[in-house]
Structure formats: C-alpha cells, structure tokens
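**Student:** There's a structure below that I have some questions on.
The values are calculated or read from the model by the stated rules, or taken from the named source; none is laboratory data. From a predicted model like this one, the values you see are computed outputs, not experimental measurements. Every residue, glycine as well, gets a Cβ built from its backbone with ideal geometry; the counts of neighbours run over all protein chains shown.
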C-alpha cells in the first residue's frame with residue numbers, strides 16, 4: 001500500500017518516466033481518453049515527444065497529457081512531480097526548502113511546485129461545503145496581545161467553521177480569511193453571512209451563537225491553534241498575501257486524515273487547473289493564467305493497480 005511506503009521505496013516505484021505517464025493518464029482519464037473539446041473517446045497518439053500528444057479523431061484537436069493539470073507548462077519530469085505529491089501527502093508535510101533538497105530542484109522550482117499543489121488543494125476544498133450541523137467561530141491569525149485597539153498589521157481575522165457529527169466529532173473544517181477591522185469593533189455580520197452563503201450547505205443546521213463559550217467552539221479553537229502552530233513550525237509563519245492558500249493546505253490534509261491522501265491528491269492535481277508564476281507573484285501574465293477545468297472528477301480507487 002502506497003501510504004505505508006518510505007520515500008525511497010516510492011522513488012523506486014516511479015523511477016521510470018513511462019510508468020509515470022501511464023499513472024497520470026489513468027488519473028486524468030480513468031475511463032479512457034476524452035477530448036477536452038468534444039469529449040470524443042478516440043485519439044491518435046504521437047509518442048515521439050517527451051510527453052505523448054493526443055489528436056482527437058472527431059474534431060482534430062491536439063492535447064497533451066498535462067493540459068488541464070497542475071503540471072501544464074512545466075518542464076519538470078513527472079517522476080519529480082510524483083515525488084513532490086508523495087511528500088505533500090505525508091503527516092509531517094514539507095516546505096519548499098526541504099522539497100528542493102529532497103527531489104533535487106532549485107528553490108524557485110520547488111516553491112512554484114508547492115504553490116501549484118496548494119492551488120489544486122484549494123480547488124478541491126472549494127468544491128466541498130460544510131454540511132449537517134455547522135459550528136463557526138471568529139479567530140485571529142498571528143494575534144499580537146500587546147497591539148493597539150486598531151490591531152497589529154500582521155494580524156489577520158479569519159472564520160473557522162466545521163461540520164459536527166452526532167458524537168461531536170469535527171468531520172470537515174474550513175478556515176477563511178476575512179477583511180480586517182479594528183479590534184474595538186465586532187466582526188461585520190456581512191462577513192459571517194458571506195461565509196455561510198459561500199461555504200455552508202443550504203440545508204445545514206448552522207450554530208450562530210458566536211459569543212457563547214461552548215464545547216464545540218473550544219474544539220474549533222484548538223484546531224485553529226494547531227493550524228497556527230503548523231504554519232509557524234513548518235513555514236515560519238505566512239504573510240497575508242498567500243495565507244489563504246496555506247490555510248487551504250492545512251484544511252485539505254486535516255479533512256483527509258483517514259483517507260488515502262496521496263491517491264486523492266494525485267487525482268486532484270491531474271484533473272484541476274494550474275496557476276502560473278506571474279499569477280502567484282502579481283506580475284502580468286503573457287498568456288492565459290488558468291487552464292480549462294475538466295469535464296468530470298474521477299473516483300479515487302482506480303489507481304490502486306498501477307501504484308501497488
């Protein structure tokens with residue numbers, strides 16, 4: 001089982017680039033090739049390139065294996081991408097400096113790979129709403145207790161929400177940045193309403209008793225403290241610009257603690273759009289920033305044969 005492999009064992013598994021191509025094909029098209037333009041199931045394959053090129057037999061559109069994935073436009077070998085995904089799926093996780101050392105790429109390349117993986121995580125998390133009984137609290141990331149009433153510039157208000165089960169277990173969490181307000185003012189009702197509208201299922205039973213110190217809010221505060229410690233220990237803290245991406249990273253891993261994280265992460269990265277370096281840094285993009293989203297998301301079980 002891949003979750004029980006060491007990193008060295010996994011590297012041996014994906015050492016062959018042709019094997020990586022087969023795995024990525026299965027993750028992207030579990031039911032066989034589908035043209036991104038017309039969904040036709042048959043294509044002619046040009047295999048003389050580093051990555052195969054598929055020519056749709058119905059409309060003639062050409063598409064590469066990595067188009068529509070986070071690897072689109074990347075010159076990094078697939079085996080290194082797979083190694084990066086494996087390390088991101090581990091309980092202790094990894095940062096860009098560590099990734100650069102482990103897989104042998106430059107820091108700039110590893111930084112971009114990490115952010116592209118987080119981009120796929122964010123898209124996956126955005127597609128999952130909080131359901132059932134939902135509890136929410138306000139919190140402040142990087143809170144400075146000696147700051148003025150206006151708040152410290154490093155502080156960032158967030159809303160933490162969770163789906164609560166019958167036994168009071170938190171089955172899914174979301175942490176979302178909110179607009180900054182002075183400490184002397186309570187969070188805007190519109191912020192809470194917007195969180196509920198965007199991230200909570202319409203049929204959910206929402207607990208909106210924000211100021212009551214209850215068991216559920218205590219558990220949410222502990223989860224958020226875990227997220228803060230994780231960001232501090234692994235990344236030495238995160239600024240406001242990229243904070244939401246790192247919060248999505250934490251939520252993605254937390255929400256999949258009991259699952260096959262690598263398999264699900266591989267499929268999410270193979271079926272969701274990429275993000276470019278200019279888009280991440282705020283520089284003007286020369287071309288379209290986002291690739292087209294896939295027509296469907298495949299199940300997670302079909303990759304077991306290839307990876308075992």
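**Student:** Could you list, in sequence order, all residues of segment 105-138 that are surrounded by 21 or more Cβ atoms within 10 Å (Cβ to Cβ), under 22 Å from residue 170 (Cβ atoms) and more than 14 Å from the chain's Cα centre (by Cα)?
**Tutor:** Across segment 105-138, the qualifying residues are 130, 134, 135, 136, 137.
**Student:** Which of the following residues is at pLDDT below 95, exposed (fewer than 12 other Cβ atoms within 10 Å of the Cβ) and assigned to a helix (DSSP H, G or I): 225, 241, 219?
**Tutor:** The conditions single out 241.
**Student:** Also, I was wondering about something else. Under 7 Å between Cβ atoms, at least 6 apart or on separate chains: pull out the pairs that start in segment 142-158 with a residue that is under 18 Å from residue 178 (Cα atoms) and end on any residue that is at pLDDT below 60.
**Tutor:** 149/183; 149/184; 150/183; 151/183; 155/147; 157/187
**Student:** Can you say whether residue 3 is modelled with pLDDT under 95 and assigned to a helix (DSSP H, G or I), as far as the supplied structure shows?
**Tutor:** So residue 3 passes the test.
**Student:** Please work out if residue 208 is modelled with pLDDT of 95 or more and in contact with a helix residue (DSSP H, G or I) (Cβ under 9 Å, 6 or more places away or on another chain).
**Tutor:** In short, no.
Conditions (1) modelled with pLDDT of 95 or more; (2) in the same structural domain as residue 68 (by TED's automatic domain parsing); (3) on the phi < 0 side of the Ramachandran plot, marked per residue:
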residue	(1), (2), (3)
102	yes, yes, yes
109	yes, yes, yes
164	no, no, yes
168	no, no, no
178	no, no, yes
